[in-house]
Amino acid sequence: QVQLVESGGGLVQAGGSLRLSCVASGRTFSSFVMGWFRDAPGQEREFVAAISGGSDNIVYGDTVKGRFTSSRDNAKKTAYLQMNSLKPEDTAVYYCAAVQDEGWLNVRSFRIYDYWGQGTLVTVSS
């Protein structure tokens, strides 16, 4: 079993930046795909980013590509989401998620992930 603890959310003005962190327990962090999703008010859960265990594959949702960067430090068992050029429409609760890295299929689907962080609120003001 894996526990994920998120931090880094907060209030920021449009155009600003935040970095989210997701710290994992367990011994096999490097073998997990780490995904990021967000729940915006009145909207369905949206895929944000995913990164493979060795960081050799990274994919982003269309709405954040070019602004957000997914990375990880396996020695620290931590995944990061650097968010730049934030917009009010980025306001959401952000979740990190983990699943065993058995391939690179369906990483955009929240249904494949087995473990989830508690969520952290990001609010972007106008």
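The values are calculated or read from the model by the stated rules, or taken from the named source; none is laboratory data. All values derive from a computational prediction rather than experimental measurement. Counting neighbours? That spans all protein chains shown, and the Cβs are built from the backbone with ideal geometry, glycine included. When the accessible area is computed, the model is the full protein with side chains, heavy atoms only, and any ligands, DNA or RNA have been set aside. Shrake-Rupley method; radii C 1.70, N 1.55, O 1.52, S 1.80 Å.
Annotations for the structure displayed:
- Ordered from largest to smallest accessible area (heavy atoms of protein chains, 1.4 Å probe), the residues V59, V5 come out as V5, V59.
- Using the alpha-carbon positions of the range 65-126, Rg (one decimal) and Dmax (whole number) come out as 13.3, 41 Å.
- Rounded to the nearest 20 debye, the dipole size of the range 1-63 about its Cα centre is 220 debye, using +1 on the Cβ of Lys and Arg and -1 on the Cβ of Asp and Glu.
- Surface composition of the chain: carbon plus sulfur atoms contribute 46% of the solvent-accessible area (1.4 Å probe, protein chains only, all chains present).
- Probe 1.4 Å - accessible area at W116, Å² to nearest ten: 80
- Ordered from highest to lowest accessible area with the whole protein assembly present and a 1.4 Å probe, E46, E89, E102, E6 read as E102, E89, E46, E6.
- Cα-centre dipole for the chain with unit charges at Cβ (Lys and Arg positive, Asp and Glu negative), debye to 20: 240
- Rolling a 1.4 angstrom probe over the protein heavy atoms with all chains in place gives the chain an accessible area of 52 Å² per residue.
- In this Cβ point-charge picture (+1 for Lys and Arg, -1 for Asp and Glu), the range 66-107 has a dipole of about 180 debye about its Cα centre.
- Among Q43, Q13, Q82, the largest mean-square fluctuation in a Gaussian network model of the chain (Cα springs under 10 Å) belongs to Q43.
- Normalised per residue, the volume of the convex hull around the Cα set of the range 1-65 (Å³): 120
- Environment charge of S21, counting only residues whose C-beta is closer than 14 Å and scoring Lys/Arg +1, Asp/Glu -1: +2
- Whole-number D in µm² s⁻¹ for the chain, Kirkwood Cα-pair radius fed into Stokes-Einstein, 37 °C, 0.692 mPa s: 230
- Rounded Å value of the spacing that divides the Cα centres of the range 1-22 and the range 46-105: 11
- F47 accessible area, assembled protein chains, probe 1.4 Å, Å²: 20
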